[in-house]
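Report on the structure given below.
The values are calculated or read from the model by the stated rules, or taken from the named source; none is laboratory data. Keep in mind it's a predicted model, so treat the numbers as computed, not measured. Cβ coordinates were reconstructed from backbone atoms using ideal geometry, including for glycine residues, and neighbour counts include every protein chain displayed. Protein only, heavy atoms only, side chains kept; ligands, DNA and RNA dropped before computing areas. Shrake-Rupley method; radii C 1.70, N 1.55, O 1.52, S 1.80 Å.
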Amino acid sequence: MNKNHMTIHTRILTFALAFGLGVALSAGAAEKEKQLITPKGGKLLEKTEPHVELVVEKDRTVTINFYNDQLKSVPVSAQTVTVIADAKDGKAKLEFEKKGDVLVSKTKLPEGEGYNVVVQFKQTSEAKPQNFRFKLDLHTCGECKRAEYACVCGH
Ligand SMILES: [Zn+2]
């Protein structure tokens, strides 16, 4: 009698755990679908067409990659980008040039981190710029293993 009771109890507990875990997992999956995970570990600029990924390279130059909705690389066309780094030693403006399919900064981001970076994206040179602001944090996120400035786990 007592043993039976235990078994039922265990079953209910197991079911509850499995169900709870299932709900948690599907919620996580749904969130991942909403957030596009850019292929090269960089930051996705929201609501641009095509999708734009900003990557801070190891040498502190910045690369801008372009993707379609399936996250396949597409070549840059008339889009232009300017980056303004609001570093402790003063503002630095990075201009970009076309290099193959991507845009590459002609100069590097200033030393240090924790400063704000503003990205001015223009669909064409005459278009109104879209501004994106983020904090430069190059530490690796413990959860998604990307640099914090490009973290996708909402951390
Ligand atoms: Zn993360």
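Among the residues of segment 128-155, just one is more than 9 Å from the ligand (Cβ to nearest atom), assigned to a loop (DSSP other than H, G, I, E, B) and open to solvent by less than 30 Å² (accessible area, probe 1.4 Å), namely L136. In segment 119-143, the residues that are hydroxyl-bearing (S, T, Y) form Cβ pairs under 6 Å with partners that are not in a strand (DSSP E or B), at six or more places apart or across chains, as follows: T124/A78. Checking each residue in segment 78-110 for being in a loop (DSSP other than H, G, I, E, B), surrounded by fewer than 16 Cβ atoms within 10 Å (Cβ to Cβ) and modelled with pLDDT of 95 or more picks out A78, G100, D101, K106, T107, K108.
Among the residues of this structure, K47 counts as one that is farther than 18 Å from D137 by Cβ and either open to solvent by 20 Å² or more (accessible area, probe 1.4 Å) or outside any strand (DSSP E or B) (or both).
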